[in-house]
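Engineer: Got a structure here, written out as structure tokens. Questions coming.
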Amino acid sequence: MLEWLPEDVSPYGAEIDSLFYFIYYLTAAAFIVVTALMLIFLFVYRDRGDRRAAYTHGNTPLEIIWTIIPAMVFIGLGLASTSLWEDIKLVPPDTDTVVKVTGKQFNWEILYPGPDGEFDTADDKQVDNDIRVPAGEPIRVILASRDVIHSFFLPNLRFKQDTVPGREIIGWFQANKPGRYEIPCAELCGFGHSGMKGWLYALAPDEYQAWVDEQWPPPPPAAAAPEATAAATDVPDAPEAAAAETAPDMPEAAQTTAE
Amino acid sequence: MSDAGAVEAQEAHAHDAHHELGFIRTYIFSTDHKMIGRQFLFSSVLMLVIGGLLAMMMRWELAWPETPVPFTSWISEPFMYAEPEHGLYGAYMDPAFYNSLFTMHATIMIFFVVMPFMVGGFGNFLIPLMIGAGDMAFPVLNMLSFWTAVPAIVLILCSFFVEGGAAGGGWTMYASLSADATYGAGAQGVNLWIISLLILGFSSLMGSINYITTVINMRAPGMTWFRMPLVIWSLFVTAILLLLALPVLTAALGMLLFDRTMGTSFFLPAGGGEPLLWQHLFWFFGHPEVYILVLPAMGVTSDILSAFSRKPIFGYHAMAFSMIALAFLSWIVWGHHMFLSGMNPVLGTAFMLTTMVIAIPSAIKTFNWLGTLWGGTIRFTSPMLFALGFVSNFVIGGLSGIYMAVTPVDIFIHDTYFIVAHFHYVVAGIIFGMFAALYYWFPKLFGRMMNEPLGKLHFALTYIFFNCAFFPMHFLGVAGHMRRIYNPLQYEFLVDLQWWNVFITMSAFCLGASQLIFLFNFVWSLFAGKKAEDNPWQANTLEWTAPSPPPHGNFETVPTVYRGPYEYSSPLVQEDWLPQDRRLGPEAAAASH
């Protein structure tokens, strides 16, 4: 199989990619047939001064054939791909993990609802350009824009959706493999369109939970001194890890903002 | 009734011919359709040079981002920033200026090159000559349609020089970016862009009314609908599309201008407007616009393939009806540009299916072109080579369109360079149709031949570098490379692809350089080309019975049409062409019907 598309880590990407490659082979075959016929005709029927061209105005059976066959292929392809489109667009999976992404010239504002699962409450947290999600779980994403149309693009997840001011558009994505994935803006949004990007961090479950606990520290247990001691022991490590992870992002964010 | 009208028009124009016109009335404010066609032609070639140069600047920046662009240090801040040590070599490009470059490149190429060249230039020149009329139905309106285009050209070029520079919202000028100057798509430049296109729209509407009236009312005796050359069918259908599509664009542009300058909120959600409304209005115009651009090139290709295969066009009626089908279907596919816009996904399915349907007449045209070559006696003249190049590139553009039509695949490739590749194969590929038309009708336009070896060299280089420049864009798109960014190196996942951008840029430079051969040939042949016979290609259509170049009034007597336009290699006559207006003996005439 050809490896032109970026690595896919999404649950439906393989189907999109299969559809892409199917169309590729179909159009490649059509191109080869048409081009070969054209070249053969150009060679065989070139004027050598010794032959009069055929006098024919057409051929109705041929017209019917090369109308019906493309019609069947095109309509069939359309109908066959409808179910995948509906699966992706109309049947979002159930999930409790939600994140809100607001496009703004020229950053992605990422808003997490916090433990209460509600936006516009005290425990919301907002950062620019970094999304952290658990790998292997569907994530509901609410897409909005503060100014102009942007387009939230996750190439490795085969996800793309415009963010339109005045609207909240709900989509979903899922990263099945832990990793760091780039989030460019795909729609022209002004002078800083080039370079507008964020990062998706798909974290293994324990890493994700650790990050959640870091952001929204669970309330300490009232009793049991030994556990308190253990918690105290853990504290020094978390800030260092967090700092290490976030530090490299600051220059990029600053650069993006400056641009 | 139409025949009588034609005769009256002929007599009126014959009367005009008896008056000597001065320089100004002959060359500047001419009402003769041939001169007006030449005026559109020359203005298009000028704008082609400008649009091409804008592309060169863009390509440099994409290949070698944030390096000095050669020969640009004369452009002042804030568009380019020169460093003293570079002297006159070049300057660094401001990102907003890059946005202006691709906006203006596309706007100029679509509205000021392809449309006026094919519709304005060849539409004006060919329609009366090929239907047997002495001029357009409304000669003064025709003159006005060109001179209304001139201020549009002036305004679009002036927009580079106003505060804030030219528009930078993309030729699609999506709201909200375009609807509020504070978002940075441009200040006065966008207003001038809007006003320029409004004015140009009126110019095109004048032309459309004239073309439709002329084709319906002024065909020569015997020129029935299905004896019309396919190029005339294509121009007629295109004129109808323009008549219906331009008012929608005009309304949208008007609303956009009001949002920008008068505090309305058609497209601004803060005031209750809807940004997607702009997209619906724009693409409702924009998709017919694609066919407004491509149908004349298809018509030209059909005429030239038939003439240089020396055989009748294969499936004339299928060809004519597929053009009509394309025009009709172009109205119901616009949403395929908006699958990911936030439009209801169920609508996406509907537009996917209508887009699949519109691929069918495109396939029909392709197979009928192959059918025309089949069994022909093919002469490889320059116009024939460019017509074949058009077919080849149209096939690629048509096939690449299927990917975008399939909604799940479009999730990935929308707004990537795959779209840019598709669009350039379809729309820039029309340039092959433009050159085919120019090489074919240059003898009739100017009374001289273009140099054939230079024409073939021009074709070979253009075809090679066109495909080297645009085919790799499919690869960039498949890898996810977004459009309208100026520095792909800002993205990790694109860094490894950058050598494709370098390759594309060098191919684009070579493609641009190849056009110098054409410009030289064009200008040289105007003055020093070999004198053209009346019918240098031994073709059948009526224009080849008029002198080269045709005088005012075109024909000494009103021609009578006895047959279709493509009776090449007919068994009724010894030679392999049989002009539409040649009267044969009684038996032959009866047989030909």
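The values are calculated or read from the model by the stated rules, or taken from the named source; none is laboratory data. For clarity, every value in this text was computed on a predicted model and none was experimentally measured. Here Cβ is always computed from backbone atoms with ideal geometry, including for glycine, and neighbour counts include all displayed protein chains. Protein only, heavy atoms only, side chains kept; ligands, DNA and RNA dropped before computing areas. Shrake-Rupley method; radii C 1.70, N 1.55, O 1.52, S 1.80 Å.
Engineer: Could you say whether any residue in region B:299-313 is within 12 Å of chain A (Cβ to nearest Cβ), open to solvent by 10 Å² or more (accessible area, probe 1.4 Å) and in contact with a His (Cβ under 9 Å, 6 or more places away or on another chain)? Show your work before the answer.
Structural biologist: Initially, region B:299-313 is screened for residues within 12 Å of chain A (Cβ to nearest Cβ), giving B:305-313.
Filter once more, keeping what is open to solvent by 10 Å² or more (accessible area, probe 1.4 Å): none.
Among the residues of region B:299-313, not one is within 12 Å of chain A (Cβ to nearest Cβ), open to solvent by 10 Å² or more (accessible area, probe 1.4 Å) and in contact with a His (Cβ under 9 Å, 6 or more places away or on another chain), which makes the answer no.
Engineer: Further question: State the number of residues belonging to region B:403-429 that are open to solvent by 10 Å² or more (accessible area, probe 1.4 Å), in contact (Cβ under 8 Å) with a residue 24 or more places away in the chain and within 7 Å of another protein chain (Cβ to nearest Cβ).
Structural biologist: Here the count works out to 1.
Engineer: For residue A:91, all conditions in the list (1) open to solvent by 50 Å² or more (accessible area, probe 1.4 Å); (2) facing chain B (nearest Cβ under 9 Å); (3) without any contact (Cβ under 8 Å) to a residue 40 or more places away in the chain hold save one; what is the number of the exception?
Structural biologist: (2)
Engineer: Looking only at helices (runs of 4 or more DSSP H) that fall completely inside region A:166-259, which ones have 3 or more residues that are at pLDDT 70 or above?
Structural biologist: Ranges flagged: A:205-215.
Engineer: Right, next: Of the residues in region B:44-69, how many are over 18 Å from residue B:428 (Cα atoms), modelled with pLDDT of 85 or more and open to solvent by less than 50 Å² (accessible area, probe 1.4 Å)?
Structural biologist: Adding up the residues that qualify gives 6.
Engineer: Tally the residues that are modelled with pLDDT of 90 or more and within 17 Å of residue B:102 (Cα to Cα), restricting the search to region B:168-190.
Structural biologist: 11
Engineer: Working carefully through the options B:581, B:576, find the one that is more than 30 Å from residue B:30 (Cα to Cα) and of a type in the set (Asp, Glu).
Structural biologist: Only one candidate qualifies: B:576.
Engineer: OK, next. Do we have residue B:262 as surrounded by fewer than 22 Cβ atoms within 10 Å (Cβ to Cβ) and within 26 Å of residue B:428 (Cβ to Cβ) here? Before you say what the answer is, go through the steps one by one.
Structural biologist: Numbers: surrounded by fewer than 22 Cβ atoms within 10 Å (Cβ to Cβ): yes; within 26 Å of residue B:428 (Cβ to Cβ): no.
For residue B:262, the condition - surrounded by fewer than 22 Cβ atoms within 10 Å (Cβ to Cβ) and within 26 Å of residue B:428 (Cβ to Cβ) - is not met.
Engineer: Right, next: Looking only at residues that are open to solvent by 10 Å² or more (accessible area, probe 1.4 Å) and within 13 Å of the chain's Cα centre (by Cα) in region A:160-175, which one is farthest from the other protein chains (Cβ to nearest Cβ)? Give the steps one after another, and end with the answer.
Structural biologist: As a first pass, look at region A:160-175 and keep what is open to solvent by 10 Å² or more (accessible area, probe 1.4 Å): A:161, A:166-172, A:174.
Keeping just the survivors that are within 13 Å of the chain's Cα centre (by Cα) gives A:161, A:171-172, A:174.
Working: A:161: 6, A:171: 10, A:172: 12, A:174: 14 Å.
For region A:160-175, the residue satisfying everything is A:174.
Engineer: Given B:107, B:72, B:148, which one is open to solvent by less than 10 Å² (accessible area, probe 1.4 Å) and within 20 Å of the chain's Cα centre (by Cα)?
Structural biologist: The unique qualifying residue is B:107.
Engineer: I'd like to verify a number: residues in region A:62-77 that are closer than 13 Å to residue B:314 by Cβ and either touching a residue at least 24 places away in the same chain (Cβ under 8 Å) or not hydrophobic (A, V, I, L, M, F, W, C) (or both), how many?
Structural biologist: 1
Residues are listed down the side, and each one gets a yes or a no for (1) within 9 Å of chain B (Cβ to nearest Cβ); (2) out of contact with any Gly (no Cβ under 9 Å at 6 or more places or on another chain); (3) loosely packed, with under 15 Cβ neighbours inside 10 Å; (4) among the aliphatic types (A, V, I, L, M):
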residue	(1), (2), (3), (4)
A:18	no, yes, yes, no
A:25	no, yes, yes, no
A:39	no, yes, yes, yes
A:47	yes, no, no, no
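Engineer: Residues in region B:228-250: is at least one over 30 Å from residue B:541 (Cα atoms) and within 14 Å of chain A (Cβ to nearest Cβ)?
Structural biologist: No: zero hits.
Engineer: Also, quick follow-up: When region B:332-361 is examined, which residues are found to be assigned to a loop (DSSP other than H, G, I, E, B) and at the interface with chain A (Cβ under 7 Å from one of its Cβ atoms)?
Structural biologist: Matches in region B:332-361: B:340, B:341, B:342.
Engineer: Also, I was wondering about something else. Just checking, which of B:273, B:254, B:207, B:201 is among the small types (Gly, Ala, Ser), part of a loop (DSSP other than H, G, I, E, B) and either open to solvent by 10 Å² or more (accessible area, probe 1.4 Å) or under 19 Å from residue B:124 (Cα atoms) (or both)?
Structural biologist: B:273
Engineer: Output the number of the condition that residue B:366 fails; it satisfies all remaining conditions of (1) in a loop (DSSP other than H, G, I, E, B); (2) in contact with a helix residue (DSSP H, G or I) (Cβ under 7 Å, 6 or more places away or on another chain); (3) open to solvent by 10 Å² or more (accessible area, probe 1.4 Å).
Structural biologist: (1)
Engineer: Listed residues A:203, A:143, A:154; which is more than 7 Å from every other protein chain (Cβ to nearest Cβ) and closer than 20 Å to residue B:419 by Cβ?
Structural biologist: Among A:203, A:143, A:154, only A:154 is more than 7 Å from every other protein chain (Cβ to nearest Cβ) and closer than 20 Å to residue B:419 by Cβ.
Engineer: Hey, another quick one. Of all the residues that make up region B:216-245, how many are open to solvent by 10 Å² or more (accessible area, probe 1.4 Å) and small (Gly, Ala, Ser)?
Structural biologist: 1
Engineer: (1) open to solvent by 10 Å² or more (accessible area, probe 1.4 Å); (2) outside any strand (DSSP E or B); (3) within 14 Å of chain B (Cβ to nearest Cβ): which one isn't true of residue A:119, the others all being true?
Structural biologist: For residue A:119, the failing item is (3).
Engineer: Next question. Taking the criterion of being within 23 Å of residue A:88 (Cα to Cα) and of a type in the set (A, V, I, L, M), would at least one residue in region A:119-128 satisfy it?
Structural biologist: Scanning region A:119-128 turns up no residue that is within 23 Å of residue A:88 (Cα to Cα) and of a type in the set (A, V, I, L, M).
Engineer: Have a look at B:79, B:97 and point out the one that is crowded, with 21+ Cβ neighbours inside 10 Å, touching a residue at least 60 places away in the same chain (Cβ under 8 Å) and within 14 Å of chain A (Cβ to nearest Cβ).
Structural biologist: B:97
Engineer: Next question. Kindly indicate the residue of region B:372-387 that is part of a helix (DSSP H, G or I) and more than 7 Å from chain A (Cβ to nearest Cβ) and also most open to solvent (accessible area, probe 1.4 Å) among those meeting that condition. Lay out the reasoning, then the answer.
Structural biologist: Our first condition is that a residue be part of a helix (DSSP H, G or I); within region B:372-387, this holds for B:372-373, B:382-387.
Filter once more, so that each one left must be more than 7 Å from chain A (Cβ to nearest Cβ): B:372, B:382-387.
Numbers: B:372: 0, B:382: 0, B:383: 1, B:384: 0, B:385: 29, B:386: 0, B:387: 0 Å².
Selected residue: B:385.
Engineer: Quick check, is residue B:436 assigned to a helix (DSSP H, G or I), of a type in the set (Gly, Ala, Ser) and more than 10 Å from chain A (Cβ to nearest Cβ)?
Structural biologist: Criteria met by residue B:436.
For (1) open to solvent by less than 30 Å² (accessible area, probe 1.4 Å); (2) more than 11 Å from chain B (Cβ to nearest Cβ); (3) in a helix (DSSP H, G or I), each residue gets a yes or a no:
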residue: A:57; (1), (2), (3): no, no, no
residue: A:67; (1), (2), (3): no, no, yes
residue: A:70; (1), (2), (3): yes, no, yes
residue: A:87; (1), (2), (3): no, no, yes
residue: A:96; (1), (2), (3): no, yes, no
residue: A:102; (1), (2), (3): yes, yes, no
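Engineer: So residue B:316 passes all but one of these: (1) within 14 Å of chain A (Cβ to nearest Cβ); (2) without any contact (Cβ under 8 Å) to a residue 40 or more places away in the chain. Which condition number does it fail?
Structural biologist: Every condition holds for residue B:316 apart from (2).
Engineer: Determine whether region B:284-297 contains at least one residue that is over 24 Å from residue B:435 (Cβ atoms), hydrophobic (A, V, I, L, M, F, W, C), open to solvent by 10 Å² or more (accessible area, probe 1.4 Å) and assigned to a helix (DSSP H, G or I).
Structural biologist: yes
Engineer: Among the numbered criteria (1) open to solvent by less than 20 Å² (accessible area, probe 1.4 Å); (2) away from every other protein chain (no Cβ under 14 Å); (3) in contact with a strand residue (DSSP E or B) (Cβ under 9 Å, 6 or more places away or on another chain), which one does residue B:89 miss?
Structural biologist: If we test residue B:89 against (1) open to solvent by less than 20 Å² (accessible area, probe 1.4 Å); (2) away from every other protein chain (no Cβ under 14 Å); (3) in contact with a strand residue (DSSP E or B) (Cβ under 9 Å, 6 or more places away or on another chain), just (1) comes out false.
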